[in-house]
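The values are calculated or read from the model by the stated rules, or taken from the named source; none is laboratory data. Because the structure is predicted, anything quoted here is derived from the model rather than measured. Ideal geometry is used to build each Cβ from the backbone, glycine not excepted, and the neighbour counts take in all protein chains shown. These area figures cover heavy atoms from the full protein model, side chains too; ligands, DNA and RNA do not enter into them. Shrake-Rupley method; radii C 1.70, N 1.55, O 1.52, S 1.80 Å.
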2 protein chains.
Amino acid sequence: MAKYDLDTIRHSTAHLMAHAISRLYKNYNPQFGIGPVIENGFYYDIDMDYKIHDDELVKIEAEMQKIIDEKIVISKKVFTRDENLKFWADKNQPLKVEVVTGIPSDQEISCYEQGDFIDLCRGPHVESTGHLPKFFKLMNTAGAYWKGDSKNKMLQRIYAVSFTTKKQLEDHLHFLEEAKKRDHRKLGKELELFLFDSIAPGSPFFMPKGTIVYNELVSFMRRIYQKYDYTEVITPMMLDTDLWKTSGHYAHYKDDMYMLHVDNREFAMKPMNCPCHMLMYSHFKYSYRDLPMRFADFGRLHRFELAGSLAGLTRVRSFCQDDAHIFIALEGIQEEIKKLLEMFFVCYDHFGFTEINIGLSTRPESKLGSDETWDIAESALKVALDSSGHEYHINAGDGAFYGPKIDIQISDAIGRRHQLGTIQLDFQLPERFDLKFNAHDGTEQRPVVIHRALLGSLERFIGVYLEHVAGVFPFWLAPEQAVIVPISTDKHLGYAKEVCQKMKDLGFRVRLDDRNETMGYKTRQIQTAKIPFMLVIGDREMESHSFSVRAHGEMKSVTLTIDETIKKFTELQAEKVPTKFRI
Amino acid sequence: MAKYDLDTIRHSTAHLMAHAISRLYKNYNPQFGIGPVIENGFYYDIDMDYKIHDDELVKIEAEMQKIIDEKIVISKKVFTRDENLKFWADKNQPLKVEVVTGIPSDQEISCYEQGDFIDLCRGPHVESTGHLPKFFKLMNTAGAYWKGDSKNKMLQRIYAVSFTTKKQLEDHLHFLEEAKKRDHRKLGKELELFLFDSIAPGSPFFMPKGTIVYNELVSFMRRIYQKYDYTEVITPMMLDTDLWKTSGHYAHYKDDMYMLHVDNREFAMKPMNCPCHMLMYSHFKYSYRDLPMRFADFGRLHRFELAGSLAGLTRVRSFCQDDAHIFIALEGIQEEIKKLLEMFFVCYDHFGFTEINIGLSTRPESKLGSDETWDIAESALKVALDSSGHEYHINAGDGAFYGPKIDIQISDAIGRRHQLGTIQLDFQLPERFDLKFNAHDGTEQRPVVIHRALLGSLERFIGVYLEHVAGVFPFWLAPEQAVIVPISTDKHLGYAKEVCQKMKDLGFRVRLDDRNETMGYKTRQIQTAKIPFMLVIGDREMESHSFSVRAHGEMKSVTLTIDETIKKFTELQAEKVPTKFRI
């Protein structure tokens, strides 16, 4: 089968599905729209006097396999446009007629025929249904407007995946299964981390457990900031549009900003922190001794997104970034980028993101700043990247008009890539806000600004990370770190309470489960909640001041004294600081 | 002089000032408006062909003292309205004519005469200028519209303070001096804590140093929350007005909310967190075992305030509260209020607010909930207050229609009272959001909600606290805890850097001052910046691994080894936790 490329196979498999449907549902007047190849497979849009349900898909699959076994020859036919129009009208296929009408009249129009089924198609296709691999699966049905226009009729769309080997199909189905299990929206609900409500579209409500994760992430970044000499600032959220005019956001980003009118003035909710930081810088006089100056800001940002495009934590209207702006002299860039890359890799590694993809985007045709300045900046980024020891690719001409940038993608546990970090040089904002510093030689010079975010949006990071670890947080990040379970709520409860308080006082997030439920029930609940440790107390444990300790995912328990448990927890808690920075 | 009350003395002193002005500025046609008694003194509004400057006030004071020494008899004269109108018209005092015109025609109108000065006045007055104490001071001049109406003419107003003893005057002037020195707007700028910009009225920009204070306060409250079993949540800021209609804010608070229009829906920026917490509660099912449940939220709130009324951090449009809502069964209130009071007093004491004034506001005439429910609630609050050992007063009928409340005021270092905390019972929101819990007996019951804030608005608290401590933060809260100063930047710099890094790694906020400035200059700067410690390193210190340590406000230094310094700092840092909770 290697003679056909994957797209040809998928395209022919789409025809195969349409063929099977035309046989199975011929009494319901099936009218075919289009059936394009998409990532991992294809779909087909169909109009019919009957609604196909998901549980009927296996029947269609079986018919498709039958047609493969029938080894029907597939042949190309070329008609003129007029012949084609008549042909599809005769066959009562108005959607095809519409497609033909949309094709320029001088264009040759081909169709592919396989037995009693014929479809309008540019091709190419396999030569016989017998050549098609059986490694496909019809996934689900969905409604879709004809030509994607909500003014048109709603058709039935069937999604399918299709591969050339059994292993590829199995791997992909396994991947989908994994992705479904890891879906952060599902996990967020099960683990009681956050919720959404239509009262505030795209704006998560973090429940107590989700807030612990959120605050621990902020706290993690603050520790990192301390190591890399960042200072944090707090800035307003509602600012006069004069600011956004100065920054350029009003001209270029207005449609994504939320506007308010107060005191006959127009204000906007900030979609980014940068203009606030520029303004703060401009309030003071700085010298070369003060630079680089690094303003970090966890301020809440608001950006308009279409209601239909909102998706869990990964696309929201309200979020915070681990955002910072660095004010720096042009000649300091290389050293700073080197530090930044180190900082980024230390953190990504800490979260278990070891597969990293780096892109350097260079000057576009239309740009601000002289070629000389761009030479210095691009070369500084390259040298810093080279010395980081990480591979990177160059996206020539893909930089913003205001400066070159480095984008960093990570791969998660099931191989999906996510853009997290970005390092963006900016020659423009310092111009627009007329920022200056007193240089070594006494002259006034213009600083460069570096925008950088490491985790990116905290909301999105929580979504990505939750899927990466499938809801199993490391000890330091787990909302609940351990549950203490007395075997008898009569005999062991008092002691369990005492020990629980002791662990709480030491700063561990420990809960006592004193309900009158069976040990099996409690164990299952603790496992489902993915809590790192279950600490059971019975007679023997009370006597020996110990716990029967069961780690998440383990089938067996070990006995540890309370002091040993505290020691273990203390070590695990220390992991909140990257190894590099532990004292 | 005890025969006259303070108001009479102040009123007569106002006449005395007018008398002095009529003598000193007689060539400028002085026309007198009104001169009422105000807190601590009086003012007088005058129209004149000459503008009195602040540096002329001493001259007026001297003339007033002279008139006292002249011991002029003050006598009351009663005229009819018509006589009065003619009298003031003849004297070319049109403002007095206007005042008389405004008095009902059947009313007796008195004037008080002292030598060549006469003023329209209801009295009473002292009998002779010789009876007046000389313990007054003219403070400043200001412009004021006649009758407070901007359509009228602008007059000159002179403010004065006046007391019966020298000590009272001196104490008051000292208080004013202190208040001026402590003005948080002035300190905020000098200590580089925060700034304001007209681009975002009433919305502070916290600079790096102010942000440290801000974050340490949040961190302080989080430690307290951990001790008292609070959980934190994060909620959206922009919510559909449907929510505000359910909560009642739309009907009662709309004018103070910022509205936005998105997707043909109306949204409001949250002015309070409560409706978000009600909504979150309503998403789950809770039982009596889960209560009390305490949701804390440091979410940013926005409330409209008139641009003219904005004042530093104490009246802003954008702020966060240490806000929490407690969901609780009615019978649990007393125990919870007791815990709350303990928590409040532990914290206030920690900030050095030991003079506390508590008010309990009880049911108003128009109220929600049965008398029986109010009986239980009010009695629970009283019993809890009684057992707290603190005195309190009852504001009968001053409770909100939705529940009784406790308001807590503190007195600052110069005796000014500020309301910080509030504990507010609410029977209404649980109704409006139809909140329930499964009670012990299996029935569904309605929880009560307690709104409480301890520090109140963090912005306002920082303003109040900054004035309380006059900018001298305790070690744990100080943005910079110590500055290391090498005596010679040649000989001692390397070592100073090393030691500085060591202290930083231990988590102390230490800075190295390696500038080429004199020791005297650096010392003065460190003192002005109110930094707790200056650590000097010279030959002797390098040799003995020690610092010459000078604490803020001390004139002398002591020598401490580096280890002793670290020990001292560690002890001081531990003070961030109230004594009660230190392990």
Review point. Taking a 1.4 Å probe, which of B:HIS492, A:HIS350, B:HIS53 shows the most accessible area, and what order do the others take after it?
Key: B:HIS53, A:HIS350, B:HIS492
Practice item. From largest accessible area down, sort B:ASP297, A:ASP197, B:ASP290; use a 1.4 Å probe on the protein chains. Key: B:ASP290, A:ASP197, B:ASP297
Check your understanding: Which residue is it, in chain A, whose C-beta lies closest to the A-to-B rotation axis, and what is that distance in whole Å?
Key -> A:LEU260, 2
Point to revise | Percent accessible area from carbon and sulfur atoms, the range B:191-286, protein chains only, probe 1.4 Å | key: 49
Review point. Each residue of the range A:421-435 in order: what ³J(HN,Hα) in whole Hz does its phi give by Karplus 6.51 cos²θ - 1.76 cosθ + 1.60, θ = phi - 60°, with x for Gly and Pro?
Key: x, 8, 10, 10, 7, 9, 8, 8, 4, x, 5, 4, 9, 6, 7
Check your understanding: Given a 1.4 Å probe and no ligands, DNA or RNA in the count, how much accessible surface is buried by B and A, both sides, to the nearest 100 Å²?
Key -> 4800
Check your understanding: Assuming R0 = 41 Å, what is the FRET efficiency of B:THR570 and A:ARG540, from their Cβ-Cβ distance, to the nearest 0.05?
Key -> 0.55
Review point. Of the heavy-atom accessible surface of the range B:51-149 (probe 1.4 angstrom), what whole percent is carbon and sulfur?
Key: 51
Exercise for review: Please give the solvent-accessible surface of A:TYR288 in Å², to the nearest 10, using a probe radius of 1.4 Å with every protein chain present.
Suggested key: 80
Practice item. Select from the range B:265-286 all residues whose loss of accessible area on going from the chain by itself to the full protein assembly reaches 10 Å² or more (probe 1.4 Å). Key: B:ARG265, B:PHE267, B:MET269, B:LEU279, B:MET280, B:HIS283, B:PHE284
Point to revise | Using a Förster distance of 60 Å, the FRET efficiency for B:ASP106-B:SER370 (Cβ separation, nearest 0.05) | key: 0.70
Practice item. Could you do me a favour and compute the accessible area per residue for chain B, 1.4 Å probe, result in Å²? Key: 45
Point to revise | Three-way shape label, chain A, alpha-carbon gyration tensor, a/c 1.5 | key: oblate
Study note, to complete from the structure: For A:ALA396, inter-copy label-point distances (7 Å, Cα→Cβ), nm, shortest first, read 8.9
Check your understanding: Among A:PRO292, A:ALA380, A:CYS320, which residue has its Cα positioned farthest towards the positive end of the charge dipole of the range A:289-433, with +1 placed on the Cβ of Lys and Arg, -1 on the Cβ of Asp and Glu, and the dipole taken about the Cα centre?
Key -> A:CYS320
Study note, to complete from the structure: Inter-copy distances for A:LYS504, label 7 Å out on the Cα-Cβ vector, sorted ascending, nm, one decimal, are 3.9
Exercise for review: Every other copy gets compared here: list the nm distances from the A:SER488 label point (7 Å along Cα to Cβ) to its counterparts, shortest first, one decimal.
Suggested key: 7.8
Review point. Can you give the charge dipole size of chain A about its Cα centre, rounded to the nearest 20 debye, using +1 on the beta carbon of Lys and Arg and -1 on the beta carbon of Asp and Glu?
Key: 1100
Revision key, fill the gap. Note on the range B:444-583: alpha-carbon gyration tensor, axes a ≥ b ≥ c; rule is a/c under 1.5 for rounded, else prolate if a/b larger than b/c, else oblate; result prolate
Study note, to complete from the structure: Mean per-residue count of partner chain Cβ within 10 Å for B:214-221 equals 1
Review point. Residues with amide H under 5 Å of A:GLU575's amide H, sequence separation 5 or more or different chain, H placed in the peptide plane at 1.01 Å from N; which?
Key: none
Exercise for review: Arrange the residues A:ARG23, A:ARG122 by how much accessible surface each exposes, largest first, with a 1.4 angstrom probe.
Suggested key: A:ARG122, A:ARG23
Exercise for review: Quick one: accessible surface of B:THR518, probe radius 1.4 Å, all protein chains present, in square angstrom to the nearest 10.
Suggested key: 90
Point to revise | Total charge dipole magnitude, the range A:334-450, about the Cα centre, Cβ charges on Lys, Arg, Asp, Glu only, Debye to nearest 20 | key: 280
Review point. Which links in A:LYS147/A:LYS167; A:LYS26/A:LYS86; A:LYS338/B:LYS497 stretch past 29 Å when you go from one Cα to the other?
Key: A:LYS147/A:LYS167
Study note, to complete from the structure: Toy charge model, Lys and Arg Cβ at +1, Asp and Glu Cβ at -1: the protein assembly as shown dipole around Cα centroid in debye, rounded to 20, equals 700
Revision key, fill the gap. Carbon plus sulfur, as percent of the 1.4 Å-probe accessible area of the range A:465-583, comes to 53
Check your understanding: Given B:THR211, B:TYR258, B:GLN226, which one lies farthest toward the positive end of the charge dipole of the range B:210-267, if we put +1 on the Cβ of every Lys and Arg and -1 on the Cβ of every Asp and Glu?
Key -> B:GLN226
Point to revise | Gyration tensor verdict on the range A:1-132 (Cα atoms; rounded if a/c is under 1.5, prolate if a/b is larger than b/c, oblate otherwise) | key: oblate
Check your understanding: Do the sum for chain B: with -39,500 (n - 2.57) for every DSSP H run of n ≥ 4, divided by all residues, what is the mean residue ellipticity at 222 nm, to the nearest 500 deg cm²/dmol?
Key -> -11000 deg cm²/dmol
**Study point:** A:ASP54 accessible area, assembled protein chains, probe 1.4 Å, Å²
**Key:** 80
Revision key, fill the gap. Partner shielding of A:72-79, taken as the mean number of other chain Cβ atoms within 10 Å, equals 0
Point to revise | Ordering of A:299-306, A:528-535 by burial proxy (mean other Cβ atoms within 10 Å per residue, highest first) | key: A:528-535, A:299-306
Point to revise | Per-residue average of Cβ from other chains inside 10 Å of A:224-237 | key: 5
